[in-house]
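Following: one structure in structure tokens, then a few remarks.
Derivation of every value follows stated rules applied to the coordinates shown; laboratory data play no part. Everything quoted here is computed from the prediction, not taken from an experiment. So basically every Cβ, Gly included, is an ideal-geometry build from the backbone, and we count neighbours across all protein chains shown.
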Amino acid sequence: MKVDPKLLIKYPFLPFLGEYLKEIYFDFEEIFKGNNLILSESLERVKLIVSGKIPKYYDDPSIEIPIFVTSLYFVSQLGTDTIYRFADYESKRFSKNIQEEKLENLLILAQHLIKSNLEIHVIKRGPYEIFEIKMPLIDYLNLAPFLGGYNWALAFKDIHLGKVYLSKSDFSRLLEESYRQWIILKANELKDYYYPELEKILIEVSKEIEEKRKTYKMSVRSYEGIDPPCMRILINDLKSGKKLSHMGRFALVTYLHSINWSVEDVINLFKSLPDFREDITRYQVEHIFGLRGGRKVYSVPSCLTMKAASLCFPESPGCDNIKHPLQYLVRIKKLKVKSGKENN
Ligand code: SF4
């Protein structure tokens, strides 16, 4: 049966990728000779993704697939950080594509990505049918720990006879993570292929990427003061490029707002993340700051909520008997004044 190569644009992990590349006479050596669309567009794509911008995609598989594979090769040569940024960006794009897919199609995609023994479970509620996906526990445990948020802990999931029962949205999120891992794996496989003719290009692109990283770091507001340990840890994680859970991001933005950071300063702080997208971050930050939608200003979550989300790392004496991270600031200031008086 002839498979539509357009499917590869959305899902390049499908098994007929290799066959298709042969069919169109894809050849790295030819592409790397220079002066062709595939080479220039692949480089452009990598640079745009690394700097948080949106690249161009083509509808024609004979152009798009070679650009995707060549971009993947370039990121494989540009270091782990670039691989992760690329994988994060592409997996978000994948996530948008699968939102339009029927559950049966998601299961087919999952067979190729996770290679798991999945089953659909139907729950009848009156006239309605609710569909869940049963995933073997072992496969769930291979993916869920990479996702931020306490709701992925097994304690919050239904498990029967070694299978985890998932909603379509949770299942889609796991597929997205699986695709992200597929890209990282493929980039790592390409790492060892060396093309001396690319050396000059790769040095130039590395320099450009490094400059962008430096700009991000310089523009991040310096962080001093007496922040609660939970927030200090979130900021340090962010600065080192670690992904934060949704709750972690939300708590940090509410906190920074409460200590009078501007929207721009908060956005600059988030630029260290590999999957940074300025448009999405700006939307979320402005929403939490009460500048969009219902104009509700969100408050910093309580210590209890932070604990429930595994984001509380108390330090004595500042955290002793407090209910809210902002109380920490008052407590520490008082303790400082007190110790100053005692020393005088
Ligand atoms: S006790 Fe409160 S302020 Fe202290 S680390 Fe936990 S959440 Fe943060």
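Please state the shape class of segment 221-343: rounded when a/c is under 1.5, otherwise prolate if a/b exceeds b/c and oblate if not, all from the C-alpha gyration tensor. List each step's numbers first, then the result.
Values: a/c = 1.82, a/b = 1.75, b/c = 1.04.
Note, shape of segment 221-343 comes out prolate.
Taking the alpha-carbon distance from residue 336 and a cut-off under 28 Å, which lysines remain once sequence neighbours fewer than 8 residues away in the same chain are dropped?
Result set, ordered by chain and number: 239, 307, 323.
Can you tell which of 156, 146, 131 shows the greatest fluctuation in a Gaussian network model of the chain with Cα springs below 10 Å?
Top of the fluctuation ranking is 156.
Using a Gaussian network for the chain with springs between C-alpha atoms less than 10 Å apart, which of these wobbles most: 188, 268, 236?
Of the options given, 236 has the highest mean-square fluctuation.
Expressed as a rounded percentage, what relative contact order does the chain have, with Cα pairs under 8 Å and six or more residues apart? Could the numbers behind the result be given before it?
Values: 362 pairs, mean separation 53.3, N = 344.
Rounded, it is 15 percent for the chain.
Name the residues whose placed amide hydrogens come within less than 5 Å of the amide hydrogen of residue 164, ignoring near sequence neighbours (fewer than 5 apart) on the same chain.
Amide H neighbours of residue 164: 135, 137.
With an 8 Å Cα cut-off and a minimum separation of 6 or more residues, compute the relative contact order for segment 102-179 in percent.
Working: 88 pairs, mean separation 23.8, N = 78.
Across segment 102-179, relative contact order equals 31 percent.
Within the chain, what's the longest stretch lacking trypsin sites (Lys or Arg not before Pro) that sit in DSSP loops with no more than 15 other Cβ atoms inside 10 Å?
Free of exposed loop sites, the longest segment is 116-190.
Compute the distribution of all C-alpha to C-alpha distances in segment 102-179, in bins of 10 Å from 0, and list the percent of pairs in each, rounded to whole numbers.
The percentages, shortest bin first, are 18, 55, 24, 3.
With N residues in the chain, what two-decimal value do you get for its Cα radius of gyration over 2.2 N^0.38 Å? Please list the in-between numbers first.
Details: Rg = 23.6 Å, N = 344, 2.2 N^0.38 = 20.2 Å.
With N residues counted in the chain, Rg over 2.2 N^0.38 Å equals 1.17.
Residue-wise, which Karplus ³J(HN,Hα) couplings in Hz belong to segment 7-14, taking 6.51 cos²θ - 1.76 cosθ + 1.60, θ = phi - 60°, and x for glycine or proline?
Couplings: 4, 5, 4, 7, 10, x, 7, 4 Hz.
Considering lysine pairs in segment 102-179 that are 8 or more places apart or on different chains, how many have Cα atoms under 21 Å apart?
Lysine pairs meeting the criterion: 15.
For segment 102-179, with only Lys/Arg (+1) and Asp/Glu (-1) charged at the beta-carbon, what is the dipole magnitude about the Cα centre, in debye rounded to 20? Mind dumping the intermediate values first?
Details: 9 positive and 9 negative charges, 27 e Å.
That gives a dipole near 120 debye.
Mind checking which helices in the chain clear 20 Å along their axis (Cα) and have mean Kyte-Doolittle hydropathy of -0.5 or more, DSSP H runs only? Display every interim value, and only then the final one.
Details: long enough: 61-77 (24 Å, 0.98); 80-99 (28 Å, -1.18); 168-190 (33 Å, -0.59); 199-219 (30 Å, -1.03); 325-343 (27 Å, -0.75).
Long hydrophobic helices here: 61-77.
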